[in-house]
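Visitor: This is the structure, below, for whatever I ask next.
The values are calculated or read from the model by the stated rules, or taken from the named source; none is laboratory data. All values reported here derive from a predicted model rather than from experimental measurement. Please note: Cβ atoms are built from the backbone with ideal geometry, for glycine as well, and neighbour counts cover all protein chains shown.
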Amino acid sequence: MTLWGGRFSTKLNEQAWDLNSSLPVDQRMAVQDVDGSIAWANALHKANILSDEEHVSISLGLATVKKEFASGQFSFAPADEDIHTAVERRLTEIIGPLAGKLHTGRSRNDQVATDFRLWMLQTIPQLDSAFKNLQSALVKQAELAGETLMPGYTHLQRAQPILLSHWWLSHYWPLQRDRERLTDLVARVSILPLGSGALAGTPVPVDRAALAESLGFAVASPNSLDSVSDRDFAAEFLFCATMTGIHLSKLSEQIVLYTSAEFSFFELSDAFSTGSSLMPQKKNPDVFELTRGKAGTLIGMLTGLLATLKGLPSTYDKDLQEDKAPVFQATDTLLAILPVIAGALRTITVKPQRMRNAIDSFMMATDLADYLVSKGIPFRETHAIAGKAVRVAGEKNVGLEELSLEAYQALCPAFEADVYQVFDPMKSVEKRNAIGGTSLQSVKMQIAKCKMQNSK
Ligand code: ARG
């Protein structure tokens, strides 16, 4: 059974049928499709299109279909072109030709957009808890890190000492923005297309505001032409997913680097690393590499959908059928990587001594400049003096802490014996005490904030 065909004299070519069919993808929205139909049947009843008896019969039939999906007993027929056809075909089997009344004043165009939005509204909270789980792994590590110091980098060159806890939390906040982005998106997903018909609106006198409310949507769409083709929410969702992919890729890149023998800041647990078929000694960070790799695929899905949307004329075009696969795939990608990254980070071993050893006195050159600022010299000058100290130490092949007081005083008479305190990395960290800095107190405040957010 197809939902069309009256005007056709021959059957659709078999390969064209396969190309046209969307069932393999859209059967994932089976429950949403039935829920939309139940709500539409209620609206038709209120509008006196369905009698009390017909309404009961259709509702019971749809409840049976829903149960069949829930229990995995629903079987698709070869002629089911899409999920909408499958549901209506099955309803017809259960209650007979009366099922045909359900499609009054409705089109698959407003139906599919409704299903898709409903699906997304239900998926966003699922993603949100996967995000929260990873965030809590990061906060836990930040708490465990205590006073552990590590080198902070810019341009991948040693820059300034930081607390390991501060570094962990630097990966918390991007995920917080991702969560907020997804939550903000809900407002634009929660707009009901049902009741827009194919494009021009429905002739059925339905109360679309009530219909929206009954399906859990905030509002009914204000323009039917826009409503059947609006896939902004899908593109935005893919952007959100892609941004997360990029954040996780950045984290992954650092873990890959920091677990290498050259850094050895961390060691992955055996449960989250893989071996080599050839080299027995290998312990590879595959899960992080895959995460980094999947970020590229996510970017492709986003740009793919944007390219599909570009240049479409107004209202529904079949190109739009391409919208669901990338959104589903992006969701599956995030739901696959978020818990694995969380698990890998929860079980990672930190090597504080390796981190500490990687902090050299040159990383306190800024503090050396700041030291002279505290003696009243303008920063621009102190920067140059500290730079000269770096050069002199470099030429002598020693650390800044190994230059004699005379050598310092030759560069600037304001240097005194207390200059050597500057080379304590913890002192450097502790000075960065303003909101957002790496001091113990600032990080403690961050942790408290994170915990508060994460409990929501
Ligand atoms: N399978 C279609 C989609 O995913 C459903 C809408 C079909 N509409 C139509 N006029 N053929 O977009």
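Visitor: State yes or no: is ALA86 within 16 Å of the ligand (Cβ to nearest atom) and outside any helix (DSSP H, G or I)?
Guide: It is false that ALA86 is within 16 Å of the ligand (Cβ to nearest atom) and outside any helix (DSSP H, G or I).
Visitor: Something else now. For the stretch 394-456, which helices (runs of 4 or more DSSP H) that fit wholly inside it have 3 or more residues that are without any contact (Cβ under 8 Å) to a residue 12 or more places away in the chain and among the hydrophobic types (A, V, I, L, M, F, W, C)?
Guide: 440-454
Visitor: So which of THR114, THR104, THR123 ends up being touching a strand residue (DSSP E or B) at 6+ places or on another chain (Cβ under 7 Å), in contact (Cβ under 8 Å) with a residue 60 or more places away in the chain and more than 30 Å from PHE423 (Cβ to Cβ)?
Guide: THR114
Visitor: Let me ask you something else. Does the stretch 70-77 contain any residue that is in contact (Cβ under 8 Å) with a residue 24 or more places away in the chain, surrounded by fewer than 20 Cβ atoms within 10 Å (Cβ to Cβ) and within 15 Å of the ligand (Cβ to nearest atom)?
Guide: Within the stretch 70-77, one or more residues are in contact (Cβ under 8 Å) with a residue 24 or more places away in the chain, surrounded by fewer than 20 Cβ atoms within 10 Å (Cβ to Cβ) and within 15 Å of the ligand (Cβ to nearest atom).
Visitor: Okay, next question. When you scan the stretch 306-317, do you find a residue that is in a loop (DSSP other than H, G, I, E, B), closer than 28 Å to GLN122 by Cβ and among the polar types (S, T, N, Q), even just one?
Guide: There is at least one residue in the stretch 306-317 that is in a loop (DSSP other than H, G, I, E, B), closer than 28 Å to GLN122 by Cβ and among the polar types (S, T, N, Q).
Visitor: Looking at (1) modelled with pLDDT of 95 or more; (2) loosely packed, with under 15 Cβ neighbours inside 10 Å; (3) away from the ligand (no atom under 16 Å from the Cβ), which one does GLY311 not meet, given that it meets all the others?
Guide: With (1) modelled with pLDDT of 95 or more; (2) loosely packed, with under 15 Cβ neighbours inside 10 Å; (3) away from the ligand (no atom under 16 Å from the Cβ) applied to GLY311, the lone miss is (1).
Visitor: Condition first: of a type in the set (Gly, Ala, Ser) and either surrounded by 14 or more Cβ atoms within 10 Å (Cβ to Cβ) or over 30 Å from LYS132 (Cα atoms) (or both). Now tell me which residues in the stretch 179-211 satisfy that.
Guide: Hits for the stretch 179-211 are SER190, GLY195, SER196, GLY197, ALA198, ALA200, GLY201, ALA209, ALA210.
Residues checked against (1) surrounded by fewer than 16 Cβ atoms within 10 Å (Cβ to Cβ); (2) under 30 Å from SER227 (Cβ atoms):
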{"site": "GLN111", "(1), (2)": "no, yes"}
{"site": "LEU121", "(1), (2)": "no, yes"}
{"site": "ASN133", "(1), (2)": "no, no"}
{"site": "ALA137", "(1), (2)": "no, no"}
{"site": "GLN141", "(1), (2)": "no, no"}
{"site": "GLU147", "(1), (2)": "yes, no"}
{"site": "TRP168", "(1), (2)": "no, no"}
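Visitor: Being crowded, with 17+ Cβ neighbours inside 10 Å, away from the ligand (no atom under 16 Å from the Cβ), among the hydroxyl-bearing types (Ser, Thr, Tyr) and closer than 20 Å to ASP35 by Cβ: is that true of THR92 here?
Guide: Here the answer is no, as THR92 does not meet what is asked.
Visitor: Now for a different question. Pairs only if they're at least six apart or on different chains, beta carbon under 7 angstrom, first in the stretch 254-267 and at pLDDT 95 or above, second part of a strand (DSSP E or B) and loosely packed, with under 15 Cβ neighbours inside 10 Å; list them, first residue then second.
Guide: Once the first residue is at pLDDT 95 or above and sits in the stretch 254-267, its partners that are part of a strand (DSSP E or B) and loosely packed, with under 15 Cβ neighbours inside 10 Å give PHE266/THR349; GLU267/THR349.
Visitor: Going by what's in this entry, would ILE49 be described as in contact with a Ser or Thr (Cβ under 7 Å, 6 or more places away or on another chain), more than 16 Å from the ligand (Cβ to nearest atom), farther than 16 Å from THR202 by Cα and modelled with pLDDT of 95 or more?
Guide: Criteria not met by ILE49.
Visitor: For THR92, all conditions in the list (1) under 26 Å from ALA220 (Cβ atoms); (2) in contact (Cβ under 8 Å) with a residue 40 or more places away in the chain; (3) β-branched (Val, Ile, Thr) hold save one; what is the number of the exception?
Guide: Result: THR92 passes all but (1).
Visitor: Could you give me the residue pairs with C-beta distances under 6 Å whose first residue belongs to the stretch 281-304 and is under 19 Å from ILE255 (Cα atoms), whose second residue is of a type in the set (Phe, Trp, Tyr) wherever it lies, and which are 6+ apart or on separate chains?
Guide: VAL287/PHE272
Visitor: Does the stretch 374-383 hold any residues that are surrounded by fewer than 14 Cβ atoms within 10 Å (Cβ to Cβ) and in a helix (DSSP H, G or I), and which are they?
Guide: SER374, PHE379, ARG380, GLU381
Visitor: Here is a further query. Checking ALA30 against (1) within 16 Å of the ligand (Cβ to nearest atom); (2) more than 18 Å from ARG89 (Cβ to Cβ); (3) not in a loop (DSSP other than H, G, I, E, B), which single condition isn't satisfied?
Guide: (2)
Visitor: Would you be able to tell me the number of residues in the stretch 96-109 that are assigned to a helix (DSSP H, G or I), away from the ligand (no atom under 16 Å from the Cβ) and surrounded by fewer than 20 Cβ atoms within 10 Å (Cβ to Cβ)?
Guide: Number satisfying all stated conditions: 5.
Visitor: Next up: ASP360: modelled with pLDDT of 95 or more, within 16 Å of the ligand (Cβ to nearest atom) and either among the small types (Gly, Ala, Ser) or more than 27 Å from the chain's Cα centre (by Cα) (or both), yes or no?
Guide: Taking the combined requirement at face value, the residue does not satisfy it.
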